[in-house]
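Can you read through this structure? Questions will come right after.
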Amino acid sequence: MITITLPDGSQRAFDSAVTVAQVASSIGAGLAKAALAGKVNGELVDTSYLISADAHLAIITDKDAEGVDIIRHSTAHLLAYAVKSLYPDAQVTIGPVIENGFYYDFAYKRPFTPDDLIAIENKMSELAKKDEVVTREEWSRDDAVKFFTEQGEAYKAELIAAIPADQKISLYREGEFIDLCRGPHVPSTGKLKVFKLMKVAGAYWRGDSNNEMLQRIYGTAWAKKEDQAAYLHMLEEAEKRDHRKLGKSMDLFHMQDEAPGLVFWHPKGWTIWQEVEQYMRRVYRNNGYQEVKAPQILDSTLWEKTGHWGNYKDNMFTTESENRNYALKPMNCPGHIQIYNHGLHSYRDLPLRYGEFGQCHRNETSGSLHGIMRVRGFTQDDGHIFCTEDQIQSEVAAFNALTRKVYDDFGFTDVSLKLALRPENRIGSDETWDKAENAMREAIRSSGATWEELPGEGAFYGPKIEYHLKDSIGRSWQCGTMQVDYFMPQRLGATYIDENDARQTPVMLHRAIVGSLERFIGILIENHAGALPTWLAPVQVVIANISQAQAEYVAQVAQELEKQGLRVQLDLRNEKITYKIREHSLQKVPYILVVGDKERDAHSVAVRARGNQDLGVMSVAAFIEHILVDVNCKK
């Protein structure tokens, strides 16, 4: 007798071994039809998996996130099946699931074209409609290598040859196609109904630029048509909002080959930067932070002490002078400890909060660079809190509340927390890591927030809370962090005198709210589609005349607005007023003031707000009152 325990705690008994599919059928025909896979004692398996002992079982359907991933993984195999059907000489390599879709890499004698993608997608639909059964087979490694070598699949044979000889190899067969995979997969190709091929890109075999270039076909797959339609709409919106395009059209910044991964800020873009920085400076000032500034370049011996030289050197820019090795700082924390160490501290001084707009450099690969979102030189709103162990919870809770307030001011109200836990490559004892991770959990819990845990994704020196913001079109961005660090202060000799006159090592909390200012500004641009809130807009008001007869009055109005600290641009060009309005509307200017003879004579302005809103004629004083309410709402 075999007892199967279901997620709701109910149990079903069977006289002999039973498959996941048979258990689903015993529950109901609807579930049997919807079943994509099973989770037996926490492990994902195919519906054909035979359960031979008592077990806990969850039936996975397309309503589960794991079910959607299985659909995507199976669709990647369907893609390879279609490519091999149309282009038998193509060699298949690997095809994993990625966020919102999948890809598969191929070696082929010529580049795939857009027409090829259409043909491949049509072939995928044809194969899916056949509803061919997907079956799992176990082979010996050597038999699998021999088979794929004889099939001319050199890449697949190479992958399998790297697996230990005594390890069984699982292959999945659907129709005439067979592929290496751990699985699980959908029970038949008929489950794959909603997919679309997106693009072709180059990719090096095994990600090594010394290897041959392959062709990577990207696709997306979903459980429902409406889900895919929403995703494709989001991509269209993202294309319109691309910060690189808006940065160019709005004259905010540019990048060029002579400075890869570094930003040239134009006056308008630098205005946005300054508004973000000055806002965050007020956050420092109003929440007990002392602003500091540490050097850009530090001797390698300091980085050796912190552990960065051994764990992070490949990502650091290094230099040499007078037989000494140096590195451009990739982060600010070691410099802040040097400032802390330059004096004696009592427990009464703690918590001590330092903040810096610290410029950092990291040697990111050229392929990972992306506008101002992923750069090699960036500035962080970086802060470090030196505190006692008993103060961790209150400091993290206060930071959490502050972070939510900042994000709300910038227009982000949907924020989720993730707790990244100890990675494999780390420093310190498990006991210390236990203490650090539990302190973070308690701090989040005390703030009333919920969180998701990410095993293995913490920094090498400590766990961290990640703050993920959802933007106006549903994308998630990781910005702020809070990290507990027991190790770096100890390694660099930071101490304080406790109430018993004994020296103790403080705990160091690494924290950032917006993170990289470059990246955060890119996120802001895309979130608002360039139409930044008035307080952030590089130009807040444009004053445009209808004819030269109003030029002197326009200059007078501009002076009145500028005295209020407003950012004003005059447009006195000999152009039609409709042309001027359209041009500045495309520049996302919050307010356009139109001045003709009537407005000049009445000391008034005709006000147009962003979004083609006609606010009518106002006195200059009334407009100033109106816009100052708008500008000061977040200050």
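For Thr379, what residues show an amide H to amide H distance below 5 Å, using hydrogens built from the backbone and excluding near sequence neighbours?
Correct list: Cys360, Leu517, Glu518.
In segment 1-92, carbon and sulfur make up what percent of the accessible area (probe 1.4 Å)? Working shown, then result.
Numbers: 2100 of 4210 Å².
Carbon-and-sulfur percentage of accessible area, whole number: 50.
List, in the order given, every pair from Lys245/Lys293; Lys123/Lys199; Lys224/Lys470 whose Cα-Cα distance in the structure shown is over 25 Å. Numbers along the way, then the final one.
Details: Lys245/Lys293 34 Å; Lys123/Lys199 16 Å; Lys224/Lys470 22 Å.
Where the Cα-Cα span goes over 25 Å, the pairs concerned are Lys245/Lys293.
For a quick check: with amide H placed at 1.01 Å from N, whose amide H comes under 5 Å from Gln290's, ignoring anything fewer than 5 positions away on the same chain?
Long-range HN contacts for Gln290: Arg353, Tyr354, Gly355.
Calculated FRET efficiency, Glu320 and Glu499, Cβ-Cβ r, R0 35 Å, to nearest 0.05?
Values: r = 46 Å, r/R0 = 1.32.
So the FRET efficiency works out to roughly 0.15.
Then there's this: Across segment 215-229, in residue order, what do the Karplus-derived ³J(HN,Hα) couplings come to in whole Hz, using 6.51 cos²θ - 1.76 cosθ + 1.60 with θ = phi - 60° and x for Gly and Pro?
My calculation for segment 215-229 gives 10, 9, 9, 9, x, 10, 8, 9, 7, 10, 4, 5, 5, 5, 4 Hz in order.
Here's another thing I want to ask about it. Let me test this: with uniform point scatterers at the alpha carbons of segment 366-475, what is the Debye-based log₁₀ I(q)/I(0) at q = 0.17, 0.24 1/Å?
Relative scattering, expressed as log10 I(q)/I(0), comes to -1.01, -1.41.
Then there is this: Using amide H atoms built in the peptide plane, which far-off residues or other-chain residues are under 5 Å from Ala459 H to H?
Lys464
Just how large is the dipole of segment 50-98 about the Cα centre, in debye to the nearest 20, putting +1 at every Lys and Arg Cβ and -1 at every Asp and Glu Cβ? Mind dumping the intermediate values first?
Details: 3 positive and 6 negative charges, 40 e Å.
Using only the charged Cβ atoms, the result is roughly 200 debye.
Still on this structure, I have one more. Extending each Cα 7 Å along its Cβ direction at Ile118 and Lys130, get the distance between those two points in nm, one decimal.
So the label points at Ile118 and Lys130 sit 2.4 nm apart.
Next question, about the same structure. Among Val194, Leu232, Gly207, flag the residue with its Cα farthest along the positive direction of the charge dipole of segment 180-232, charges on Cβ as +1 for Lys/Arg and -1 for Asp/Glu.
Comparing the listed Cα positions along the dipole, Val194 ranks first.
While we're on this one: Could you run the Karplus curve 6.51 cos²θ - 1.76 cosθ + 1.60 with θ = phi - 60° over segment 281-295 and give me ³J(HN,Hα) per residue in whole Hz, x for Gly and Pro?
5, 5, 4, 3, 4, 8, 10, x, 9, 9, 7, 10, 8, 10, x
I would also like to ask the following. From the Cα trace of segment 1-118, what convex hull volume per residue do you get, rounded to a whole Å³? All intermediate terms of the calculation are to be shown ahead of the outcome.
On the way: hull volume 16.0 nm³, N = 118.
Dividing the Cα hull volume of segment 1-118 by its residues yields 135 Å³.
In the calculated pair distance distribution of the chain, what percentage of Cα-Cα distances lie above 44 Å? Before the final figure, lay out the partial values.
On the way: 78300 of 201295 pairs.
That fraction is 39 percent.
When the Karplus curve 6.51 cos²θ - 1.76 cosθ + 1.60 is applied with θ = phi - 60°, which whole-Hz ³J(HN,Hα) does each residue of segment 608-616 get, with x for Gly and Pro?
Listing the rounded values in order: 10, 9, 3, x, 6, 8, 8, 8, x Hz.
Counting only protein heavy atoms and using a 1.4 Å probe, what share of the accessible area of segment 498-635 belongs to carbon plus sulfur, as a whole percent?
Values: 2940 of 6240 Å².
Carbon-and-sulfur percentage of accessible area, whole number: 47.
Mind grabbing the accessible area of Asp299 for me, 1.4 Å probe, Å², rounded to tens?
Accessible surface of Asp299 is approximately 30 Å².
For segment 455-516, I need the span (max minus min coordinate) of the C-alpha atoms along each principal axis, in Å, sorted largest to smallest.
Result for segment 455-516: principal-axis Cα extents of 55, 23, 18 Å.
Right, something else. Under the rule of -39500 (n - 2.57) per DSSP H run of 4 or more residues, summed and divided by the residues of the chain, what mean residue ellipticity at 222 nm is obtained, to the nearest 500 deg cm²/dmol?
Details: 20 runs with 223 residues, N = 635.
Only helices count here, giving -10500 deg cm²/dmol.
In what sequence, largest accessible area first, do His308, His528, His233 appear using a 1.4 Å probe? Each step should come with its number before you reach the end.
Numbers: His308 0, His528 45, His233 105 Å².
Sorted by accessible area, descending: His233, His528, His308.
Just name one of Val92, Phe112, Ser140: the one whose Cα is farthest towards the positive end of the charge dipole of segment 85-150 (beta-carbon charges, Lys/Arg +1, Asp/Glu -1).
Toward the positive end, the furthest listed residue is Phe112.
How many Å² of accessible area per residue for the chain, probe 1.4 Å? Write down the numbers at each step before the final one.
Details: 30040 Å² over 635 residues.
Spelled out: the 1.4 Å probe surface of the chain, per residue, equals 47 Å².
If you don't mind, another one. Given the protein chains as shown and a 1.4 Å probe, how many square angstrom of Leu86 are accessible, to the nearest 10?
In the full protein context, Leu86 sits at about 70 Å².
So what is the orientation-averaged projected area of segment 272-362, using the convex hull of its C-alpha atoms, in nm²? Please report the intermediate quantities before stating the final value.
Values: hull surface 30.7 nm².
Projected area, direction-averaged: 7.7 nm².
Using only the alpha carbons, work out the radius of gyration and Dmax of segment 91-243 in angstrom.
Taking only Cα atoms of segment 91-243, I get Rg and Dmax of 17.1, 53 Å.
A further question follows. Kindly express, to the nearest 10 degrees and within the range 0 to 90, the angle between helix 65-86's C-alpha long axis and the longest C-alpha principal axis of the chain.
Its long axis makes an angle of about 70 degrees.
At a probe size of 1.4 Å, how large is the accessible area of Arg445, to the nearest 10 Å²?
120
Next question. Can you tell me the Rg and Dmax of segment 506-635, counting just the alpha carbons, in angstroms?
In order Rg, Dmax, the Cα atoms of segment 506-635 give 17.5, 69 Å.
Could you tally the net charge around Thr47, taking each other residue with its Cβ under 12 Å from the Cβ of Thr47, Lys/Arg +1 and Asp/Glu -1? Before the final figure, lay out the partial values.
Values: positive: Lys33, Lys39, Arg136, Lys191; negative: Asp46.
Charge balance in the 12 Å sphere: +3.
The values are calculated or read from the model by the stated rules, or taken from the named source; none is laboratory data. Keep in mind that what you see is a predicted model, and the values were worked out from it rather than measured. Cβ sites come from the backbone with ideal geometry, for glycine too, and all protein chains shown count toward neighbours. Accessible surface is based on the protein model in full, side chains and every heavy atom, while ligands, DNA and RNA are left aside. Shrake-Rupley method; radii C 1.70, N 1.55, O 1.52, S 1.80 Å.
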